[in-house]
Amino acid sequence: MEANDARKSVVPREKSQLRERAEAIHAADVALRHLERSADLLDSAANWGTFDMFIGGMLSSMIKHRRIDDAEDEFNAARDAVKRFARELSDVQGIEDTVRFDISGWISGIDIFMDNVFADWYVQTKIRQAQERVAEAIVQISQIRQALMDLEPL
C-alpha cells in the first residue's frame, strides 16, 4: 500500500513539471516573437537610416524614427515577456540558466531636428547597438528554450 501512495505522489509532481516546462517554452516563444519583430523593425530603421544619410530629407528621418518607435514598442513587449519567461523558468527543475536582458539607451528624435550627417551617423550607431543586443537576447532565449526541449522526459 505504501508503494502505491508513493507512486501517486510522484505522478502529480511529474505532471506539474511537464506543465511548468510547457509554460516556460510558451513564454520563450512569446518573447522570441516580440524580439524578432523588434529586430525586423530595427533592420528597417537601419535601411531608412542609410537612405537618410546619403539622400536625406525630413520624410526619411520620420519613417526611420517611426520604425525605431515601433521597434521600441516591440522591445517593451519583449521585456515583459522575458520577465514572464524568467518566472516560468524558475519553476522548472533541471534548468539553471538565468535570463539577462537589457536594451537601454533607445534613440531620441535628435536627428529630425538636427538633420545632418553627424546626427544621422549617431542614430545609425545606436540602431546597430540595439540590433546587436536584440540578436544576443534572441540567441540566449533560443538556447534556454532548446535546453527546455532537450530535458529528459519525466
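The calculated FRET efficiency for Ser16 paired with Phe54, based on their beta-carbon distance and R0 = 41 Å, is about 0.10. Between Glu152 and Asn76, the contour length at 0.36 nm per residue exceeds the Cα-Cα span by 24.0 nm. Relative to the globular-protein estimate of 2.2 N^0.38 Å, the Cα radius of gyration of region 24-89 stands at 1.37. Calculated FRET efficiency, Ala135 to Arg84, Cβ-Cβ distance, R0 = 30 Å: about 0.90 to the nearest 0.05.
No value in this document is a laboratory result; all are computed from the given coordinates. Just so it is clear, the model here is predicted, and its values are computed rather than measured. Here Cβ is always computed from backbone atoms with ideal geometry, including for glycine, and neighbour counts include all displayed protein chains.
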